[in-house]
Amino acid sequence: KMKKKVEKKIIIKVSDLFKSFDNNVVLKNINFQLLEGESLAIIGESGSGKSVLLKQIIGLLLPDKGSIKINNTEMVNLPRHVKEKILLDLGITFQHGALFDSLKIWENIIFKIANKEKINNKQGKQLALSIIKQLGLQPNILDLYPSEISGGMQKRVAIARAICGNPKILLFDEPTSGLDPVTGSLIDKLIKTAVRTVGGSAITITHDMASVCRIADKVILIDKQTISWLGTPREMFLSANTKIQEFIKPISFEMFFK
């Protein structure tokens, strides 16, 4: 008796998305979906519009036209208070960390949770401590301010903030850029664990192709303002797409797929 294939829920659906600044077209005709439990990587050259796409998904930028649905709710032109409620369920990191300078590290990490529910300082610190341990950070940084730790540490703290509270949807913008390979692979493990443990879904923008092979179920290439390729990391190595070939040149298939 054949098992019935369970249809996976669509978590994010982007349809016919267009975005330009003045007369400069950045993205055109973008269509894709993120399924429940799926980890999606978005690759493309610098300036290809990857971060612009992410900012539209979270409502920081408004598309010229098109639709962005999160859990079947149309986000484009949604009233701000409704949008903010939905975004509370998202864990987000920005390219340059974007930590709050005036808050201590532990306060940064629990920021969203503290805004959502009553939590005392002791509980907050404990929660922050449990997360930074997974990121290979020392407990003594919790009482420091962002300016007192290195850029690489700030990046890890931003990731700790994103996964705090186990959000079901995670969005990462260049989570491993500027980090050493050991820390990079630690971050990748954490992204995979975060997706698996909460049955969540993730979108990661990255230039790090080793990272793509480690974390992604599906890969999207943005080239010439649109999605020019979509497939699995394994299919990337078999693809005749010249842009894809350029991206995977530095890494070997054998490293990840036997």
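The values are calculated or read from the model by the stated rules, or taken from the named source; none is laboratory data. Predicted model, so just to flag it, every value in this text is computed and none were measured. FYI the Cβ positions are ideal-geometry reconstructions off the backbone, even for glycines, and counts take in every protein chain you see. Each accessible area value is taken on the protein alone, full model and side chains, heavy atoms only, with ligands, DNA and RNA left out. Shrake-Rupley method; radii C 1.70, N 1.55, O 1.52, S 1.80 Å.
List of remarks:
- Pairwise label distance in nanometres, Ile10 with Gln126, each label 7 Å out on the Cα-Cβ vector: 4.3
- Glu74 paired with Asn31, simple spin-label distance in nm, labels 7 Å along Cα-to-beta-carbon: 1.8
- Among 56-64, 198-206, the peptide with the highest mean count of other Cβ atoms within 10 Å heads the list, and the full ranking is 198-206, 56-64.
- Accessible surface, per residue, of the stretch 160-258 when the full set of protein chains is kept, probe 1.4 Å, Å²: 44
- Solvent exposure of the stretch 7-147, expressed per residue, is 55 Å² of accessible area, with all protein chains present and a 1.4 angstrom probe.
- Subset of Lys133/Lys224; Lys28/Lys104; Lys118/Lys168; Lys155/Lys218 violating a 32 Å alpha-carbon distance limit: Lys133/Lys224; Lys28/Lys104
- Of all accessible heavy-atom area on the stretch 120-258, the percent that carbon and sulfur account for (1.4 Å): 54
- GluC sites (Glu not before Pro) lying in DSSP loop within the stretch 59-141, provided at most 16 other Cβ fall within 10 Å: Glu117
- Qualifying aspartates and glutamates (Cα of each under 12 Å from Cα of Lys112; at least 8 residues distant if same chain): Glu84, Asp89
- For the chain: span of alpha carbons on each principal axis (Å, largest first): 54, 53, 47
- If you take the Cα centroid of the stretch 189-216 and the Cα centroid of the stretch 6-84, the two points sit 18 Å apart.
- Among residues other than Lys104 with Cβ under 13 Å from its Cβ, the summed charge is -2 (Lys and Arg +1, Asp and Glu -1).
- GNM flexibility winner over the chain from Thr176, Thr242, Thr93 (Cα, springs under 10 Å): Thr242
- Each Lys or Arg adds one and each Asp or Glu subtracts one; over the other residues with Cβ under 10 Å from the Cβ of Leu40, this totals -1.
- Here the mean projected area of the convex hull built on the C-alpha positions of the stretch 1-133 is 12.6 nm².
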